[in-house]
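Worksheet: the structure to be examined is printed underneath.
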Amino acid sequence: MTKKIRVAVVGCGAIAQRRHIPEYEENEHVEMVAFADPVLERAEAYAQKHQAKAYASYETMLRETRVDAVSVCTPNYLHAPAAIAAAKAGAHVLVEKPMAVAYDEGQAMIQAARDNGVYLMVAHNQRYMAAHVKAKEILDSGRLGRVLTFRTSFGHGGPENWSVDGRDSWFFRKQEAVLGAMGDLGVHKSDLIRHLLQDEVMEVASFISTLHKNTDVDDNATCVLRMASGAIGTLVGSWTYYKGEDNSTILWCENGVMKLGTSPEDRVIVELKDGSMERYRVGAVATNAKQVKSHVIDAFIDCIRHRREPLVTGEEGLRSLEVILAAFESQRTGQVVRLGHLTAP
């Protein structure tokens, strides 16, 4: 019998409860051995279910329990310290997005994983959604030619409808979140557009603001991106789509247009210049109201089992984060920003 991978979860809030823990539970190669959360009752509930250990502190957990892998599901400001501590304890790390809140933090996470011979994976689940997998396949075939312009958007009514703490969530506290809607939603789309186009963002211009929420983090952003290929597009992240959640991407190409997430049934629509149309029903895109399997956990466990680099490495996560940091720099300065090593806002 193959030895199971001993997994710990740091942070037992909404993303752990709705994605990480259920998907670990479904994976036959996993044994859940520890849970950590400052609200100890949350960790204890899962520890009891799995005959595991519960901790209020991830530092104590890493000292006292041997683990092979750790999911970091904490507020944003703890992503880097928790991931680095886990790597130094010899555990492979899956960290929620955004991987960090500053460029140098991301670099330190990558270095810690490298120094300790473990994998660092960032949980950018949009790459694994069926519609986006199909879209990548079509783009890579070359049938649509080069992407010329694009629009990618992610908006919903805000974290109060998602977080286990509702309106009292850490998402709304600058000290813990650091990044608002752009860190929560915008980074999904900066990662997706880089992945689909196999291209890097070179320049960013943005308007980022707090339009409606009673918070000191951003709740809306609209950005213009120029890619290394010359393609130009927009990226939108919003917490004020109170009616009509949007998680869509449109790519205008040399030979036609591809629409992702614009139809509730046909998640991928291709319209070619010759007038023909292709529709693909390839599975739902996850929403706050309706969760679907992310495939992130299975991918992470497969990397460990088969000893291969994850699709979304720390380096990939850092490039996607850098786009968001550049957007904040553009908002601060009123200038178009070329990507470089940037700090948190």
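Numerical summary
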{"quantity": "Structure-derived Rg and Dmax of the Cα atoms in Å: which label, when the choices are (i) 22.1, 72; (ii) 20.8, 79; (iii) 19.7, 64", "calculated": "(iii)"}
{"quantity": "Listed residues LEU185, TYR119, GLN175: farthest to the positive end of the dipole of region 105-189 (Cβ charges)", "calculated": "LEU185"}
{"quantity": "Pair GLU41, ASP168: separation of 7 Å Cα→Cβ label points (nm)", "calculated": "1.0 nm"}
{"quantity": "Structure-based [θ]222 nm, the chain - -39500 (n - 2.57) summed over DSSP H runs of at least 4, per residue, nearest 500", "calculated": "-9000 deg cm²/dmol"}
{"quantity": "Local net charge near PHE172, Cβ-Cβ under 10 Å (Lys/Arg +1, Asp/Glu -1)", "calculated": "-2"}
{"quantity": "Relative contact order %, region 154-204, counting alpha carbon pairs below 8 Å whose residues are six or more apart", "calculated": "23 percent"}
{"quantity": "Normalised contact order of the chain, rounded percent, pairs of Cα under 8 Å and 6 or more residues apart", "calculated": "19 percent"}
{"quantity": "Alpha carbon centroid spacing (whole Å) that separates region 212-259 from region 141-157", "calculated": "10 Å"}
{"quantity": "Table column - 3J(HN,Hα) (Hz), region 208-217, Karplus curve with 6.51, -1.76, 1.60, x for Gly and Pro", "calculated": "10, 7, 10, 8, 9, 6, 8, 7, 9, 10"}
{"quantity": "Protection proxy ranking of 53-66, 83-96 - average other beta-carbon atoms within 10 Å, highest first", "calculated": "83-96, 53-66"}
{"quantity": "Residues of type aspartates and glutamates that LYS134 reaches as a straight line, Cα spacing below 20 Å, ignoring anything fewer than 8 places off in the same chain", "calculated": "ASP191, ASP199, ASP246, GLU254, GLU265, ASP266, GLU271, GLU278, ASP298"}
{"quantity": "By average C-beta atoms within 10 angstrom, highest first, the peptides 114-125, 129-140", "calculated": "114-125, 129-140"}
{"quantity": "Listed residues ALA54, LEU40, PRO75: farthest to the positive end of the dipole of region 32-152 (Cβ charges)", "calculated": "PRO75"}
{"quantity": "Greater than 31 Å apart at Cα, pairs in LYS53/LYS88; LYS88/LYS213; LYS3/LYS189; LYS189/LYS273; LYS259/LYS293", "calculated": "LYS88/LYS213; LYS3/LYS189"}
{"quantity": "Most positive-pole-ward Cα, GLY230, LEU251, SER263, against dipole of region 225-275 from beta carbon charges", "calculated": "GLY230"}
{"quantity": "Where the chain is the region considered: accessible area per residue in Å², 1.4 Å probe", "calculated": "42 Å²"}
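The values are calculated or read from the model by the stated rules, or taken from the named source; none is laboratory data. In this text, all values refer to a predicted model and were calculated from it rather than measured experimentally. All Cβ positions, glycine included, derive from the backbone under ideal geometry; neighbour counts span all protein chains shown. We work out accessible area using only protein heavy atoms, side chains counted, and drop any ligands, DNA or RNA first. Shrake-Rupley method; radii C 1.70, N 1.55, O 1.52, S 1.80 Å.
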